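The values are calculated or read from the model by the stated rules, or taken from the named source; none is laboratory data. Because the structure is a prediction, the values reported are computed rather than measured. Ideal geometry is used to build each Cβ from the backbone, glycine not excepted, and the neighbour counts take in all protein chains shown. For accessibility, only protein heavy atoms count, side chains too; no ligands or nucleic acids. Shrake-Rupley method; radii C 1.70, N 1.55, O 1.52, S 1.80 Å.
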Amino acid sequence: MQKPITIRYLRKNNYFPYLFGVVFLSFSILIGISIGSVTVPMKEIIQIIGAAIFHFPLSDKIDAMNTNIVLDIRLPRVILAGLVGASLSIAGAAFQGLLRNPLADPYTLGVSSGASVGAVATLFFHLSIPFIGILTLPLMSIIGSFITIFSVLFFAKKIERSMKVETIILTGIIFSSFFSSFISLIIALTGDELRQIIGWLLGSVSMRGWSYVYIIIPFFLIGSILLLMNVKELNAMSLGEERAQHLGVNVEKRKLLILIAGSILTGAAVSVSGAIGFVGLVIPHLIRIIRGPNHKGLLPLSLLFGAGFLIIADLVSRTIIQPSELPIGVITALIGAPVFAWILMNSKRRRRG
């Protein structure tokens, strides 16, 4: 069956998807900052941000309240949502390529749940590691995600030596269910922290501020750079581990690096926003349909579109029932579940055709 003209054009044109991704992300950032209980004109937003970066004086016509709204409330929130969306999307794309299965993502593999346990335990026990202070939360979350992914692979190998992808995903779901029970136990034992923990678990970037942006940035950079350095190896491993070995890839070393990078990204994202599903599942899948399976384009495009998608989802979550807010995880599930069902139906139809 012949692919639609639009998809064929996007696959042939190397630069258009990137240009579209940058435009989509820029537009998402602008409307994410502009729309809210107080609407700030886009022209003012550009002037305010430009003045903050380049230190030139602002026009007297720009309201001081609008400046505070943009710089202290909406800009950090939008940047944080973008970083979380980018982290989950690029990690999901890497896991899908590594395990050769479109159902693999930080959520289905149990990595998000493991990271959640690390973060919830930090909040519940008021943990603070000396000398790193504010970075305790993401560090514990990343440790939780590391333990989970390696435990999933260890048990999957014990169950079936060949470690079929289906076995890994089922093991991930088992671990995810176990960790959900553990989190429920912590909630049952919680007193005053109950509201904070439940609010965090539902997924949100509300009232986080610049400190949370500073928390995620180093982990985002480390994880993304590690994955982007391994695009050729991901392409080789998506053909199968034996074939990758014949092509000269050190499979064990590269697999370990990719799993570590994906766990860093997931742990850091979960630590600042809670567990947000479907972003790492749907966005890479859509990009793969549009751009093809080559990770050289798939990873950076997943990063751009994942960031833009979560900014839009956050905008919807805080404006759809104003003055109240919906958890961002609710919006991603409402959008992501039907889209993923449509993707599965389409791929099945194409295989029949």
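Per-structure values
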| quantity | calculated |
| --- | --- |
| Residue among L265, L303 that is in contact with a Pro (Cβ under 9 Å, 6 or more places away or on another chain) and closer than 30 Å to A121 by Cα | L265 |
| Complete set of residues in the range 212-250 that are more than 15 Å from G92 (Cα to Cα) and not in a helix (DSSP H, G or I) | M229, L239, G240, L247, G248, V249, N250 |
| Qualifying residue in the range 184-191 (condition: at pLDDT 75 or above, open to solvent by 20 Å² or more (accessible area, probe 1.4 Å) and under 19 Å from the mean Cα position of the chain (by Cα)) | no |
| Of all residues in the range 48-104 being touching a Ser or Thr at 6+ places or on another chain (Cβ under 6 Å) and of a type in the set (G, A, S), the one that is surrounded by the most Cβ atoms within 10 Å (Cβ to Cβ) | A91 |
| Leading residue by the ranking (nearest to E242 (Cα to Cα)) among those in the range 127-164 that are among the small types (G, A, S) and in a helix (DSSP H, G or I) | A156 |
| Subset of the range 296-342 that is farther than 29 Å from Y15 by Cα and charged (D, E, K, R) - its residue that is most open to solvent (accessible area, probe 1.4 Å) | E325 |
| Lone unmet requirement of (1) farther than 24 Å from S145 by Cα; (2) assigned to a helix (DSSP H, G or I) for V272 | (1) |
| Members of the range 152-183 found to be among the polar types (S, T, N, Q) and modelled with pLDDT of 75 or more, listed by number | T167, T171, S176, S177, S180, S181 |
| Selection count, the range 154-177, where residues are on the phi < 0 side of the Ramachandran plot and open to solvent by 30 Å² or more (accessible area, probe 1.4 Å) | 15 |
| Of the criteria (1) open to solvent by 10 Å² or more (accessible area, probe 1.4 Å); (2) in contact with a Ser or Thr (Cβ under 7 Å, 6 or more places away or on another chain), which one P218 fails | (2) |
| Residue in the range 251-263 that is of a type in the set (S, T, Y) and modelled with pLDDT of 90 or more present | yes |
| Test: residue in the range 129-150 that is of a type in the set (S, T, N, Q) and open to solvent by 30 Å² or more (accessible area, probe 1.4 Å) | no |
| Residue check for G32: farther than 18 Å from T319 by Cα and not aromatic (F, W, Y) | no |
| Residue match in the range 300-323 (condition: out of contact with any helix residue (DSSP H, G or I) (no Cβ under 9 Å at 6 or more places or on another chain) and not β-branched (V, I, T)) | yes |
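Quick grid of which residues meet (1) of a type in the set (K, R); (2) more than 13 Å from the chain's Cα centre (by Cα); (3) not in a loop (DSSP other than H, G, I, E, B):
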{"site": "P284", "(1), (2), (3)": "no, no, yes"}
{"site": "I290", "(1), (2), (3)": "no, yes, yes"}
{"site": "K296", "(1), (2), (3)": "yes, yes, yes"}
{"site": "I312", "(1), (2), (3)": "no, yes, yes"}
{"site": "P323", "(1), (2), (3)": "no, yes, no"}
{"site": "A337", "(1), (2), (3)": "no, yes, yes"}
